[in-house]
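Below is one structure, written out as structure tokens; comments come after it.
The values are calculated or read from the model by the stated rules, or taken from the named source; none is laboratory data. It should be emphasised that the depicted structure is a prediction, and the values quoted were computed from it without experimental measurement. Don't worry about glycine lacking a Cβ; one is built from the backbone with ideal geometry, like all the others, and counts go over all protein chains shown. What goes into the accessible areas is simple: the full protein's heavy atoms, side chains included, and nothing from ligands, DNA or RNA. Shrake-Rupley method; radii C 1.70, N 1.55, O 1.52, S 1.80 Å.
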Amino acid sequence: MGSGSDFVSHGDFNIGGLFTFHAPTASLPPRSTPVVENCGSLQINLPGFRYFQAMRFAIQEINNSSSLLPGISLGYTTYDSCYIYNNIHPALDFISRDGAINLQNHYADYVPRVIAVIGPDSTDAAVATASIFNMLLLPQINFYATNKVLSGLDLPSCFQTIPSVAKQQDAIRCILKRFKWTWIAVLGTADDYGQGGVQELSDSAAEAGFCVAYQDIIPKKEKGSEKKWEQAMGQIINSIIKTNVNVIVVFGLDIIVVDFFQFVVHTNLTQKIWIATETWSVAKSIYDIPNIRRLGVFFGIAVEHVEIPGFNEHLKHLVRNYESGAVARSNENCNQDCRGCLNTTEEEILGPRESRVCFNVYSAVYAVAHALHKALNCTRNICINQTIYPWQVTQALKYVNFTLLNRTISFDKYGDSATGFDIVFWDWDLSRTDTFVYVGSYSSTGDLEIQAERIKWNTINNTVPLSQCSPECLPGQGKMQLGFHSCCFTCLSCTAGTYLAPNGSCTNCNLDQWSVEQSTICYNKTREFLDWTSPLAIPLEAAVTVGFLLTSVMMVAFVVHFQSPVVKAAGGRMGILMLAALAMAYLSVLTFIGKPSFLKCILRHPIYSTTLTVCFSYIAVKSFQIVCIFKMAATLPKAYDYWVKRDGQYVCVWLLTSVQVLISCGWAIYSPPEVAWKSINIDRLLMDCSESSSVGNILQFSYNGLLSLLCFVFSYMGKELPKNYSEAKCITFAMLVYFAVCVSFFTVQIIKLPEYITAINASLALASLFGIMGGYFFPKCYVIFWRPELNTTQHFQSAIQSYTKRKSGSSRR
């Protein structure tokens, strides 16, 4: 190859092309060997020649069009990149002008030899040339090379008509997820494409839900190092066998991967699933390797197939002309001596893989033409022929958006095009004409569709093979990781009260839920409460009704006999207030029945405790007052007179009750009771209030307990008073009932009988109320209704006289 390009056709604007016309078939030259300009010693690479013809065909169509670039002709200058060994020289020639590169300080005014570059077709070469072209913002459109560097914002002049490497990675992850393959090996060739693909797939494994059991790089087979290469390959094969994976993903160019599979067919690495990337998924050179079908199932992602009308006829016509010698030849090199290069058949030149990639080249040329159409301010009839700089074409390419053969061609901010993939399967059925069978697609929007039944899995009933480190756990079993990989685990059944969460771990059910062992969901517990119609509630309702009615009757009796000695001795107005408090306390017991609510919970104990405080306060004050009348009035007459004149008993009752009200208010403000769930058994919950063991509730009980103790003490001090005024026995009975209620209440909380706790608490509350009513008020009502002769002034005076005589007699003795 001389200093010039390989194929040239001049026009008003020229497009550069970098294609691999010559490539190794078995081994690459050693890295230490200088790369000579003449690559003719290597075998002709038909794919590269087809890519060039796709570019040439597109340019011919555009030049023959009267609307896209009217009055403007496109030319081309192409170079043989010799795979990766001849890229810098062509790149420098593309940016030169008249054989020299004369860059001024301002690059924006520089006009290079070509206005855009299509290719090169290898990732390593594309990354190298992109940095050179980006200095002038000369657009490079990659039709086959993929790499995240090429899609980076650091290379704004880089565009891709092939799906981005990120989209390819997404497609592979979707395939793995679709077939539930979680234990895989990943291999890549020793270039940017292979190494980058392996690294990116491995980095995303954990998040995507699969594990890379083994990853390695396939070295290049170089002359003179065949033995070393075979040893490295043997280590790779043995490592894959040891990991026991069934799925192997291979990133690499076909011209390198073909050496890999030529070695693998002679090993015992058989019956695996090989996922091919778009670089070799439809490579006939690999498909035709003898005995390769024994390696297992081959399928993968391929560039979307788009038929270019007239292109196959163009290639056939080209081959026929070459065979007939109708095309003039030059002796400069193999690229110009096309008859010698194309010693091939029509079937070979119309290979399946290259016909797919050819559309990427074809659409890249049209993208440049549409960008020029915009930069030249073209109409359908005329273009303004003017100097166009590379940066103008780059800018215009960012906004191209057109339809070509029913495909939308446009580029996003990263230079990537909105294209997808075909999913193809390698079928060795000789009766089929299509060896690479279409079985699905991966759209540009990320949707995967695979017709798995069309794939021959070589299994019983054609079931999809598994590739797992550990078999999937049964429903309701959690995973305990074994070793480094999350895909290797042992299965543990979730215990009762837990369930298998979406993250694969056993998680406790909520307090209001339950589950059996090895469960995947939690069930809501049956919510129970002391219903109005339940067998336990009906007796309580009856007792409340009886207590309330009896209290009401007593209150009426006290009002009617308000002037009688018994009522006056019982406290008169304070006695009626006590009965009203008792009536309210009976009604508060109803808050224990029915579905609990915040209002019921906050009113239940404060009302009950406050009404009891009213009763205990007055009983204690009244008992103290009677003792003072009979025992201390004579000793401290002034203090007693002050007590009577200032309504000391009412003030004391009010003050003592206020303390309880403050306790209740503080409880309601700072730690209010609320509806709580108490577990009865595994699948049942009791709805109740949470006040039972709270500090506020304990303080309420303790305060009333202190008052009841004062009642007991003062009543005992007055046990020798006149019979009509001594209430020691009655008060003692009522206080003992209340003490028993308090002890029972706290005992029940300790024993924990959740199913009956609400009914028991309500019963204890009623017991204390009936104790006060029975011990303090029943005797007085008995006198009012059945012993009216004892409810007279004379009877009370005679009792006082008897007490005075008894005290005088005891004093003389």
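Using all pairs of distinct alpha-carbon atoms, the Kirkwood hydrodynamic radius of the range 474-572 works out to 19.0 angstrom.
Report the local net charge at Ser444: Lys and Arg +1, Asp and Glu -1, summed over other residues whose C-beta lies under 12 Å from its C-beta. Show your work: numbers first, answer last.
On the way: positive: Lys167, Arg407; negative: Asp170, Glu304, Asp412, Asp416, Asp447.
So the surrounding residues net to -3.
Heavy-atom accessible area with a 1.4 Å probe sorts Lys568, Lys228, largest first, into Lys228, Lys568.
If you wrap the range 40-173's Cα atoms in a convex hull and average its projection over all directions, what's the area in nm²?
Numbers: hull surface 41.9 nm².
Its average projected convex-hull area is 10.5 nm².
Order 503-510, 268-275 from most to least packed using the mean count of other Cβ atoms within 10 Å. Before the final figure, lay out the partial values.
Working: 503-510: 14.2, 268-275: 17.5.
Result, highest mean Cβ count within 10 Å first: 268-275, 503-510.
A 30 angstrom limit on the alpha carbon distance is what I want to check against. Which of Lys374/Lys413; Lys148/Lys479; Lys220/Lys284; Lys148/Lys316; Lys167/Lys220 exceed it?
On the way: Lys374/Lys413 18 Å; Lys148/Lys479 35 Å; Lys220/Lys284 20 Å; Lys148/Lys316 37 Å; Lys167/Lys220 26 Å.
Pairs exceeding the cut-off: Lys148/Lys479; Lys148/Lys316.
These residues, Ile255, Ile682, Ile241, go from largest to smallest accessible area, 1.4 Å probe, as Ile682, Ile241, Ile255. Couplings 3J(HN,Hα) of the range 524-534, computed from phi: 6, 5, 5, 8, 10, 7, 6, 6, 4, 9, 6 Hz, in residue order, whole Hz [Karplus 6.51 cos²θ - 1.76 cosθ + 1.60, θ = phi - 60°; x for Gly and Pro]. Rounded to the nearest Hz, the phi-derived 3J(HN,Hα) couplings of the range 605-620 under the Karplus curve 6.51 cos²θ - 1.76 cosθ + 1.60 (θ = phi - 60°) are 7, x, 5, 4, 5, 5, 5, 5, 4, 4, 5, 5, 4, 5, 4, 5, where x marks glycine and proline. Per 5 Å bin, what percent of the C-alpha pairs of the range 565-608 does each bin hold, from zero upward? The calculated distribution, bin by bin, is 5, 22, 21, 14, 11, 10, 8, 5, 2, 0.
Could you please tell me the mean projected area of the C-alpha convex hull for the range 93-158, averaged over all directions and given in square nanometres to one decimal? It would help to have the intermediate numbers written out before the result.
Numbers: hull surface 17.4 nm².
So the Cα hull casts an average projection of 4.4 nm².
For the range 172-285, the convex hull spanned by the alpha carbon atoms encloses 100 Å³ per residue.
For Val249, the amide hydrogen comes within under 5 Å of the amide hydrogens of Ala185, Val186, Leu187, Ile275, counting only partners 5 or more places away or on other chains and with H modelled in the peptide plane.
Computed over protein heavy atoms with a 1.4 Å probe, the accessible surface of the range 98-248 works out to 39 Å² per residue.
Which shape class applies to the range 230-274: rounded if a/c is under 1.5, otherwise prolate when a/b exceeds b/c and oblate if not, where a ≥ b ≥ c are the square roots of the Cα gyration tensor eigenvalues? Show your work: numbers first, answer last.
Working: a/c = 1.71, a/b = 1.26, b/c = 1.36.
Oblate shape, in that a/c is at least 1.5 and b/c is the bigger or equal ratio.
Between amide H atoms placed 1.01 Å from N, distances below 5 Å from Asp121 occur with Thr20, all of them 5 or more places distant or on a separate chain. In whole angstrom, the range 419-494 maps to an equivalent ellipsoid with semi-axes of 35, 18, 11, each derived as √(5λ) from the alpha carbon gyration tensor and ordered largest first.
With every protein chain present, what is the per residue accessible area of the range 536-580 (1.4 Å probe, Å²)? Each step should come with its number before you reach the end.
Working: 2030 Å² over 45 residues.
Accessible area per residue, the range 536-580: 45 Å².
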